[in-house]
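Structure, as structure tokens:
The values are calculated or read from the model by the stated rules, or taken from the named source; none is laboratory data. Note that the structure is a prediction, hence the values are computed from the model and not measured. Cβ placement follows ideal geometry from the backbone for every residue including glycine, while neighbour counts extend to all protein chains displayed.
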Amino acid sequence: MATNAPLAGRRVVVSASGVAAAYAGRLLRVLGAETILIEPPGGTALRREPPFLGRSGVSALFACMAAGARSFVCDLETERGRVGADALLGTSDIFIDDTPPAERERRGIDQAGIAGRHRHLVHVSVLPFGAAGPKAGWKAEEINLLHASGEGNLLPNGLSHELFPGRPPVKIYGNFASLQGGIAAALGGLAALWDHAAVGGQFVDIATQDAAVAVGAFAVQRFGDGSVEHRATRSFRYGGVLPCADGHVEVLTLEDHQWKALVELMERPAWALDPVLDDPLERSRRGADINARVRDWTRSRRVADLVARGQTLGVPIAKYNSPAEILADPHEQARGLFAPVAIDGVGSLAMLIAPFHFGGQPLALDRGPPALGEYQERMPPVRAAPVLAAGV
């Protein structure tokens, strides 16, 4: 474990059938907490989620979400399982759970039950629509959450919509909304832990829809000025995704000095020097024409040349990278964004460790995902409820 891990000595228990709860536990793990997955007999559904790593049968998603954790098989439908879970929770600081509300009391992990038996515990609930409200009992998959948050209605936009105007609303690849829920859950748990000395254990209610709405809140806020965003109109008037001779770049010039830098990058073409374009409102009105001219210019240029000179001039410009290019990029390597992690039956693979530094250094993962039930023999004795200092 890295020496800059601020949660070293803390224990987090995670009951996760979905990505949001699992990712919350993963984030707390890289911050140093011992993270233990409570899994039903046969393991969490995440273990069976494709795609799989080669022919190993190991889920790539589970390998990423559970890296560094331990596995404790515990059947909460039985009295023995509930006693085992209680013993584990009695030694823990944070409990993260995505069990559907209707099943919680039967399994002994409802809000009132946890608060009554484990007054010290920070109990983080992570559900698609939260633990309170008329949709609290609703189930949802990633595609439901993305569209329920409004983001799906706005995709594709910009160049994608221009190229494929008849394409229906789409889903961002992967688990975008669920990952936002996981980030909110981790932050909520940390906030309650910070306040533990003053108030003790707390119940933290996370709705993944809320977290995803917050990401696209600007579109919702614009209802206040009478604007209804749509994928056909939701784009910057000029700039955005630009095709090049060997790939694509993203350019965004919201400020006057950035526009002027873009004009310099294009070597001051006559059309861009028209005094009428000094007015940002007029540039917006002529956005389609400006973009057509800029795209004509970038199509014959190489990505690396545009990015290098554009950054020197002060143009907000970057290359659209493939995953392989990100892994090989010297910047990501210098920051330690990825590191080799050993996965049983697969070997060592580069894995995203954490999207942040702590103490000025990258964090670390000391192992891959756990074998099912590998923590059974290490079940710790019950200890007294922890006393946490303020600010820890």
Residue ID - nearest to residue 103 (Cα to Cα), chosen from residues in the stretch 138-157 that are crowded, with 19+ Cβ neighbours inside 10 Å and in contact with a Gly (Cβ under 6 Å, 6 or more places away or on another chain): 146
Residues (buried (at least 18 other Cβ atoms within 10 Å of the Cβ) and not in a helix (DSSP H, G or I)) located in the stretch 97-107: 97, 98, 99
The stretch 277-301 residues that are without any contact (Cβ under 8 Å) to a residue 40 or more places away in the chain, paired with ones that are assigned to a helix (DSSP H, G or I) and exposed (fewer than 14 other Cβ atoms within 10 Å of the Cβ) (beta carbon under 7 Å, 6 or more apart): 280/256; 282/276; 293/271
Of the criteria (1) closer than 15 Å to residue 126 by Cα; (2) surrounded by 23 or more Cβ atoms within 10 Å (Cβ to Cβ); (3) among the small types (Gly, Ala, Ser), which one residue 17 fails: (2)
Inter-residue pairs, beta-carbon under 7 Å, first touching a residue at least 24 places away in the same chain (Cβ under 8 Å) and in the stretch 177-196, second of a type in the set (Asp, Glu), 6+ apart: 177/142; 178/142; 193/93
Residue within the stretch 214-234 that is modelled with pLDDT of 75 or more, among the β-branched types (Val, Ile, Thr), assigned to a helix (DSSP H, G or I) and within 25 Å of residue 128 (Cα to Cα) present: yes
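Please verify whether residue 162 is of a type in the set (Asp, Glu) and either within 20 Å of residue 99 (Cβ to Cβ) or touching a residue at least 12 places away in the same chain (Cβ under 8 Å) (or both), treating the condition exactly as stated.
no
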Per-region count, the stretch 108-122, residues assigned to a loop (DSSP other than H, G, I, E, B) and within 22 Å of residue 28 (Cα to Cα): 5
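Please find, within the stretch 264-275, the residue that is nearest to residue 317 (Cα to Cα) out of those that are assigned to a helix (DSSP H, G or I) and over 36 Å from the mean Cα position of the chain (by Cα). Before the answer, list the steps.
Looking only at the stretch 264-275, we keep the residues that are assigned to a helix (DSSP H, G or I), and these are 264-265, 270-273, 275.
After this cut, where a residue has to be over 36 Å from the mean Cα position of the chain (by Cα) as well, the list is 264, 270-273, 275.
Details: 264: 14, 270: 22, 271: 21, 272: 18, 273: 21, 275: 24 Å.
Checked the stretch 264-275; the qualifying residue nearest to residue 317 (Cα to Cα) is 264.
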Search result, residues across the stretch 313-340 that are touching a helix residue (DSSP H, G or I) at 6+ places or on another chain (Cβ under 8 Å) and either assigned to a strand (DSSP E or B) or of a type in the set (S, T, N, Q) (or both): 317, 318, 319, 338
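Look through 368, 360 and report the one residue that is on the phi < 0 side of the Ramachandran plot and either assigned by TED's automatic domain parsing to the domain that holds residue 182 or in contact with a His (Cβ under 8 Å, 6 or more places away or on another chain) (or both). Full working, then the answer.
Working: 360 fails: on the phi < 0 side of the Ramachandran plot.
Only one candidate passes the filter, namely 368.
Among the residues of the stretch 276-297, are any part of a loop (DSSP other than H, G, I, E, B), charged (D, E, K, R) and more than 15 Å from residue 315 (Cα to Cα)? Steps first, answer last, please.
Going through the stretch 276-297, the residues part of a loop (DSSP other than H, G, I, E, B) turn out to be 279, 286.
If we keep only those that are charged (D, E, K, R) as well, we get 279, 286.
Adding the requirement that they be more than 15 Å from residue 315 (Cα to Cα) leaves 279, 286.
Within the stretch 276-297, one or more residues are part of a loop (DSSP other than H, G, I, E, B), charged (D, E, K, R) and more than 15 Å from residue 315 (Cα to Cα).
Would you point out which residue out of 71, 92, 125, 160 is farther than 25 Å from residue 241 by Cβ, among the small types (Gly, Ala, Ser), surrounded by fewer than 22 Cβ atoms within 10 Å (Cβ to Cβ) and not assigned by TED's automatic domain parsing to the domain that holds residue 248? Full working, then the answer.
On the way: 92 fails: surrounded by fewer than 22 Cβ atoms within 10 Å (Cβ to Cβ); 125 fails: surrounded by fewer than 22 Cβ atoms within 10 Å (Cβ to Cβ); 160 fails: farther than 25 Å from residue 241 by Cβ.
Residue meeting the stated conditions: 71.
Of all residues in the stretch 240-264, which are surrounded by 13 or more Cβ atoms within 10 Å (Cβ to Cβ) and small (Gly, Ala, Ser)? I'd like the intermediate steps shown before the answer.
If we filter the stretch 240-264 for residues that are surrounded by 13 or more Cβ atoms within 10 Å (Cβ to Cβ), which is where we start, we get 240-244, 247-253, 258-264.
Listed by number, the residues that qualify are 240, 247, 261.
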Residues being of a type in the set (Gly, Ala, Ser) and either modelled with pLDDT of 95 or more or part of a helix (DSSP H, G or I) (or both) - total across the stretch 141-162: 3
Residue in the stretch 123-131 that is under 30 Å from residue 88 (Cα atoms), small (Gly, Ala, Ser) and assigned to a strand (DSSP E or B) present: yes
Unique residue being in a helix (DSSP H, G or I) and either out of contact with any helix residue (DSSP H, G or I) (no Cβ under 7 Å at 6 or more places or on another chain) or hydroxyl-bearing (Ser, Thr, Tyr) (or both) when the list is 55, 26, 80, 47: 80
Evaluation of residue 63 against (1) within 21 Å of the chain's Cα centre (by Cα); (2) in a loop (DSSP other than H, G, I, E, B) (one fails), failing number: (2)
Residue within the stretch 265-272 that is touching a residue at least 24 places away in the same chain (Cβ under 8 Å), basic (Lys, Arg) and surrounded by fewer than 18 Cβ atoms within 10 Å (Cβ to Cβ) present: no
Residues that are within 27 Å of residue 195 (Cβ to Cβ) and in contact with a Cys (Cβ under 6 Å, 6 or more places away or on another chain), drawn from the stretch 54-107: 85
